[in-house]
Amino acid sequence: MGYGDRIGLATPGHLAAHRDAGLVGKVVPLFAQQSAREMERTGRTPVDVMLDAVATIGDSDFRHIHASDADHMKSEEHVRACLEAGFTWFTADPSDLVRDDADDIPKSDLDEAFSELVDKNPGRFDHFLKEYVGSHPIQSLRTAVPADEEAVERVALKYGPALYRAKEIDGWVRAGWKEDEPYDFEVSVDETSAPTSPLAHLVIARELKRLGVRVTALAPRFVGEFQKAIDYIGSIEEFRDSLRVHVALAKQEGPYKISVHSGSDKFSIYPVLAEECGDLLHLKTAGTSYLEALRVAARKDPQLFRKIAEFSAPVFEKQRDTYHLKATLEGFPTPGEVSDPELENRFLASPQSDDARQALHVCFGAVLSDRGPEGLGQSLVQLLRRESGEYAKVLREHFLKHLVAFRA
């Protein structure tokens, strides 16, 4: 269970939820979890992220296994910094080399595009047609993954170079790892416009194994929509059917965990994840803890909340660039026209305020990096320090809603 903390003050609430859900010793918490992008936007270093988490753990009597996720690693510099800070789990993000338009290449141009890929990468993709064209049994489901030449070529074009980037990132971690216990390594291919097909999952898993990359988890792009800080959008039964295939492949080709990114607030499918994945699940959350910090502001300092909302609206379009969202500012209330008692409901309640939640969510970096003496980031941090008990309380309540499905 990944508990992302973009401010550095959320671990007490995360720890309280984890304990009170009855999951201690059954589910491994990752209290220190931050992506390279989030660290850049908030001005925090890997050491900052780690120390903020372990300070709480050290002050408590928590003596169980826990881990730490250096999320969405793309550069050797970020990997080295996270290694030095003591992170134990590394999530490789090779999305820059995923060719998202591969599914749309005209069939008449496909053979040429594949031949060009093979020619430009000697020895890397020559075996794909021989290895993957055919029928691939999924034994536990008594079914098979069909693969014709066209499908294999599209998978190779879409993911092939990204798999070599994942191997490169794994090599950076391996070179700097000094512990006796192995590190955990995850590969993320979830940031695509189309869901990860069973064939793509199969090829990714087998090619990573062939390249000597040992994965703890794989993050596919699921059917439906996993947007930030709101519930799942799509058919739950279709999601279950698709997830069942991904889990069967993870068991057969690994075993490794299925990693669910943007996993916060997906209450409608938590029972499905629990039932289908069992132990083979890694759920990641991050921005929802920032929104709970804003909930504290709405309750304890309405004027500060209004300032944050007023600041966020004009920077939203720029801040949303790296996120897939359905939100628009048409659903964003005018802060000055909302009374104090209604702030929480109008901006943070779900689902009726989903647009406002998402807009506030993606503007976290702009707010938290506003650090002058009167800056919004500094003011929010000071409020959370004064109201540490309230922040821990709202986080505990919010994450207990997440965890109840997994407790059973």
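Please treat every number below as a calculation from the coordinates, not as lab data. Here the structure is a predicted model, which means the values were calculated and not measured. Reconstructed Cβ throughout: ideal geometry from the backbone, glycine too, with neighbour counts over all protein chains shown.
Taking a ≥ b ≥ c as the square roots of the Cα gyration tensor eigenvalues, with a/c under 1.5 meaning rounded and otherwise prolate when a/b beats b/c, else oblate, which class fits the range 131-202?
Details: a/c = 2.58, a/b = 1.79, b/c = 1.44.
The shape class here is prolate.
Per residue, the Cα convex hull of the range 288-388 amounts to 93 Å³.
Please report Ile258, Ile233, Ile7 as a ranked list, fewest other C-beta atoms within 10 angstrom at the top and most at the bottom.
If I rank by nearby Cβ atoms, fewest first, I get Ile233, Ile7, Ile258.
Here r is the Cβ-Cβ distance between Leu51 and Glu238 and R0 is 41 Å; the resulting FRET efficiency, rounded to 0.05, is 0.45. Going by alpha carbons, how many degrees (0 to 90, nearest 10) lie between the helix axis of 376-386 and the longest principal axis of the chain? Compared with the principal axis, the helix lies near 70 degrees. What residues from the range 132-176 fall in the zone where the backbone N is under 16 Å from a label point 7 Å along the Cα-to-C-beta line of Lys107? In the range 132-176, the label zone of Lys107 (backbone N under 16 Å from the point 7 Å along Cα→Cβ) covers 147-155.
Taking 7 Å steps out from each Cα toward its Cβ at Lys178 and Leu129 produces label points 5.0 nm apart. On a full-extension model of 0.36 nm per residue, what is the gain between Ser115 and Arg63, subtracting their alpha-carbon distance, rounded to one decimal in nm? The span from Ser115 to Arg63 would gain 13.3 nm if fully extended.
Once the Cα-Cα distance is subtracted from the 0.36 nm per residue extended length, the Arg80 to Leu97 segment shows a gain of 4.0 nm. Modelled label positions at Glu330 and Ala144, each set 7 Å beyond Cα in the direction of Cβ, lie 4.9 nm from each other.
Against the main long axis of the alpha-carbon atoms of the chain, helix 107-120 sits at an angle near 90°. Couplings for the range 130-147, taken from phi via the Karplus curve 6.51 cos²θ - 1.76 cosθ + 1.60 with θ = phi - 60°, read 5, 7, 10, 5, x, 10, 10, x, 10, 4, 5, 9, 6, 9, 9, 9, x, 8 Hz in order; Gly and Pro are left as x.
Measuring against 20 Å, Cα to Cα, the residue pairs Lys228/Lys266; Lys158/Lys257; Lys326/Lys401; Lys307/Lys401 contain Lys158/Lys257; Lys326/Lys401; Lys307/Lys401 as the ones spanning a longer distance.
List Thr216, Thr322 from most exposed to least, where exposure is judged by having the fewest other Cβ atoms within 10 Å.
Working: Thr216 20, Thr322 9.
So the residues, fewest neighbours to most, are Thr322, Thr216.
For Ser264, the residues whose amide H sits under 5 Å from its own are Ala229, Ala286, ignoring neighbours fewer than 5 places away on the same chain, with H placed 1.01 Å from N. Working value for the range 25-161: equivalent-ellipsoid semi-axes of 41, 21, 12 Å, each the square root of 5 times a Cα gyration tensor eigenvalue, largest first.
Based on DSSP H runs of at least 4 residues, each adding -39500 (n - 2.57), what is the mean residue ellipticity at 222 nm of the chain after dividing by all its residues, to the nearest 500 deg cm²/dmol? Dividing the helical sum by the residues of the chain leaves -16000 deg cm²/dmol.
Can you put Cys277, Cys363, Cys82 in order of Cβ neighbours within 10 angstrom, beginning with the fewest? Write down the numbers at each step before the final one.
Working: Cys277 20, Cys363 23, Cys82 29.
Taking fewest neighbouring Cβ atoms as first place, the list is Cys277, Cys363, Cys82.
Per the Debye calculation on the range 93-142 with a single equal scatterer at every Cα and no solvent contribution, log₁₀ I(q)/I(0) for q = 0.16, 0.17, 0.18, 0.31 Å⁻¹ amounts to -0.68, -0.75, -0.82, -1.16. A viscosity of 1.567 mPa s and a temperature of 4 °C, combined with the Kirkwood radius over C-alpha pairs in the Stokes-Einstein formula, give the range 13-90 a diffusion coefficient of 99 µm²/s. Bridging of Lys318 to aspartates and glutamates at a Cα separation below 18 Å is possible for Glu38, Glu40, Glu310, Glu330, Asp355, Asp370, once same-chain residues fewer than 8 apart are set aside.
What does the C-alpha gyration tensor say about the overall shape of the range 214-299? Classify as rounded when a/c is under 1.5, otherwise prolate if a/b is larger than b/c, or oblate.
On the way: a/c = 2.76, a/b = 1.78, b/c = 1.55.
Prolate shape, in that a/c is at least 1.5 and a/b is the bigger ratio.
A straight Cα-to-Cα reach below 18 Å connects Lys107 with the aspartates and glutamates Glu116, Asp148, Glu149, Glu150, Glu153, residues fewer than 8 places away in its own chain not being considered. Here the alpha carbons of the chain define both size measures, Rg and Dmax, at 21.8, 66 Å. Please compute the contact order of the chain in relative form: average sequence separation of alpha-carbon pairs under 8 Å and at least six residues apart, divided by the residue count, as a percent. Relative contact order comes out at 18 percent.
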